[in-house]
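Participant: One structure, pasted below without further comment.
Only the coordinates and a few stated rules stand behind these numbers; no lab work does. For clarity, every value in this text was computed on a predicted model and none was experimentally measured. Neighbour counts are summed over all protein chains in view; Cβ atoms, including those assigned to glycine, are modelled from backbone coordinates with ideal geometry.
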Amino acid sequence: MNASAGKTPWHLWAVGIVTLLWNSVGIMSYMMTELGQLKSLGMTDSQIAYFETFPAWATAVWALGVWGAFFGSLLLLFRSRLAVVSFAVSVVGLIGTTYFQNFATELPEGMANPALDAVIWITTLFSLWYALKMRRDGVLR
């Protein structure tokens, strides 16, 4: 165990707060979709139709991804070991969502955003790695 185990390092607060804010955007996007508020986001009719035709499994993996990441950030701030599990769930959700978007359907025009996809993947994998490191260092209980 690390000599500083048990103490909360400053970077845990920084990572936890930044990822919580970032993951809140994913929750907002998911909830706006589920509540049928996409028009208010400026989406076109074809983009709205795309979201309205998601099969149940695609909606489920999207939910796993965004809620897993959001709760992972909260659990990280609470210094809970369950943050690792929650972030792992978010990775599973992201894999499923990526599969759906890239192989099981065709995105409407103007919705492909490889840069955003890369940021989501980097942030999600970083969050899991960071939680694993904090657990290994004895920071998470």
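Participant: So, with +1 on the Cβ of K and R and -1 on the Cβ of D and E, and no other charges, what is the size of the charge dipole of the chain about its Cα centre, to the nearest 20 debye?
Facilitator: 1000 debye
Participant: Among 95-102, 107-114, 28-35, how do they line up from the highest to the lowest mean number of other beta-carbon atoms within 10 Å?
Facilitator: Answer by packing, highest mean first, reads 95-102, 28-35, 107-114.
Participant: Tell me whether segment 26-71 comes out rounded, prolate or oblate; compute the Cα gyration tensor, take square roots of the eigenvalues as a ≥ b ≥ c, and use a/c under 1.5 as the rounded threshold.
Facilitator: oblate
Participant: Sort the following peptides by mean Cβ neighbour count (other Cβ atoms within 10 Å, averaged over residues), highest first: 86-94, 15-23.
Facilitator: 86-94, 15-23
Participant: Where a ≥ b ≥ c are the square roots of the eigenvalues of the C-alpha gyration tensor, would you call segment 10-136 rounded, which needs a/c under 1.5, or, failing that, prolate if a/b is larger than b/c, or oblate?
Facilitator: In terms of gyration-tensor shape, prolate.
Participant: Want the number for S24 to Y99: 0.36 nm per residue separation, take away the alpha-carbon distance, what's left?
Facilitator: The S24-Y99 span can extend by a further 24.7 nm.
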